[in-house]
Amino acid sequence: MRIPFGIAGTKALARDRSVWRRFFLTAVALFACYHAGAQEVLFNTFGAGESFNSYGGPVVGDGVAWFLSGNNGAICAAAFTPVATIPFFRADFAMIYGYTTDLDRTGLPNLDISLTADANGFPGKPLETFHLTNVLEGTLAPGMFSLNSVLHPVLQRGNQYWFVVSTPDLLHTNFSWELGQPGAANRFATWQFLSEVTSLTGWGPVGFPLGNGPAIEVLGGTGAPTPIPVIAENGIVSAASFGVIGGLSPGSWVSVFGSNLSNTTRGWQMSDFGADGSLPTSLDGVSVLLNGKAAAISYVSSNQLNFQVPDPDIYQFPFALQVVTPGGPSLPVSVTLAVTNPALFTISEGGVNYAAATFTDGTLVSPTRPARPGDAVELYGTGFGPSNPPILAGQIVRVPEPLADVSLYVTVGGLAAQVLYAGITEAGLDQINIVVPQVAPGNQGLSIVLTGLGVQGGIVLPVGVL
């Protein structure tokens, strides 16, 4: 069964097997990976839903760089001040693995990061050092990774500390620290000026933009080991068909399958919605990021999440998708975007995959109440592309709008069906109203093609006697 109907007035797309006027989801599981958990946020510059847009939030202390002599680049550092005296357990970073200034990206994306004390406004004695191999698995899209402490040094409230970042191959490996700037989300400040010939041999200002800071989250506390989220192989699928999709269509609903995706199981509630009509981007500390941008999320469980693909700020490639939980971020998964990727919601009963369809009075089309030739029925899907005028992803739909691409071809039992309406009626939900053609009684195959792309096969519509 792939249909949830149920919380009518909220426009909330609920979790699997609940019934609301529209449709969704189920689950699978994989394997686990553990690291030390954290209980308290000591410093954070991430935006809502763990996005990388840190502007408007706390400002990281002065950034500094240590320029190396010769053609050996620079080591950079950024300061932070914890809000409590507590053992250090984990730090999350938003990063991008990029090209060097000479475009010679021959070095593996390896990093050496040290947590240091302050020494007269500059990095001082190392408290703990981390050696990371193949960070973000070499993806060129923005992503998050975590440092998990082994030594747990105690950080003192109000004291300044530093994260010092370098790489074993300063000449051929380049990283940038993601941050937010007003009007331009997910901008970054280069923190290694590689292949730069300089005679400076000491710490000097980096010049992070005023009022902005690198995206860092520092956590501390004493807690039991917490599992990090793991996205299953081929675990990013359409929330309607559960089929692996070639590209994510902005505004559509997508399911992520895996393990350790959430410590709780629930759908969104009225209290999760913003006063401005915005959909929640985090449920119980769980978020989905697409190139650092937090997506609307409607359902969380240990092995399945449902999220709405956000509208991209820019069409940069590749895109990195990550799940972020209180246990930390998952490894990034590279995905692509597509204008459309249509799929229909269905109800599976007795091995038959029925279209999730209703009559105009809202009652369900089913074998016990089949549609008849000449009846108008409503079909529901996602991924049919933008509307005209466009409806922004992540917002409650106050006024339904027609699809921008209306080149829909619908058949029932092999006969063309008249399309009365095709548009977005709820957040990420496409509604297609058709007239059932003059076909014989029985389970008739249903097909929809949108500009050459068809919905998943094997869907039937129960048809009764005229």
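General remarks:
- Scanning the stretch 114-151 for residues that are touching a strand residue (DSSP E or B) at 6+ places or on another chain (Cβ under 8 Å), surrounded by fewer than 16 Cβ atoms within 10 Å (Cβ to Cβ) and over 18 Å from Phe93 (Cα atoms) yields a total of 6.
- Being over 28 Å from Ser51 (Cα atoms) and not aliphatic (A, V, I, L, M) holds for only one residue in Gly385, Gly374, and it is Gly374.
- Selection within the stretch 338-350 - surrounded by fewer than 24 Cβ atoms within 10 Å (Cβ to Cβ) and either assigned by TED's automatic domain parsing to the domain that holds Asp311 or assigned to a loop (DSSP other than H, G, I, E, B) (or both): Ala338, Val339, Thr340, Gly350
- Test: residue in the stretch 171-180 that is surrounded by fewer than 22 Cβ atoms within 10 Å (Cβ to Cβ), modelled with pLDDT of 55 or more, farther than 27 Å from Leu42 by Cα and not polar (S, T, N, Q): yes
- Criterion applied to Leu261, Leu219, Leu248 was being in contact with a Lys or Arg (Cβ under 7 Å, 6 or more places away or on another chain) and at pLDDT 50 or above, and the one residue passing it is Leu219.
- Among the residues making up the stretch 262-281, those that are crowded, with 20+ Cβ neighbours inside 10 Å and closer than 17 Å to Val309 by Cβ are Trp268, Leu279, Pro280, Thr281.
- Checking each residue in the stretch 396-432 for being surrounded by fewer than 18 Cβ atoms within 10 Å (Cβ to Cβ) and among the polar types (S, T, N, Q) picks out Ser407, Thr411, Gln418.
- Looking only at the stretch 443-454, and only at residues there that are buried (at least 16 other Cβ atoms within 10 Å of the Cβ) and modelled with pLDDT under 95, the one that is nearest to Val412 (Cα to Cα): Leu450
The values are calculated or read from the model by the stated rules, or taken from the named source; none is laboratory data. What you are looking at is a predicted structure, and each value in this text was computed from that prediction instead of being measured. No Cβ is skipped: glycine too gets one built from the backbone with ideal geometry, and neighbour counts run over all protein chains shown.
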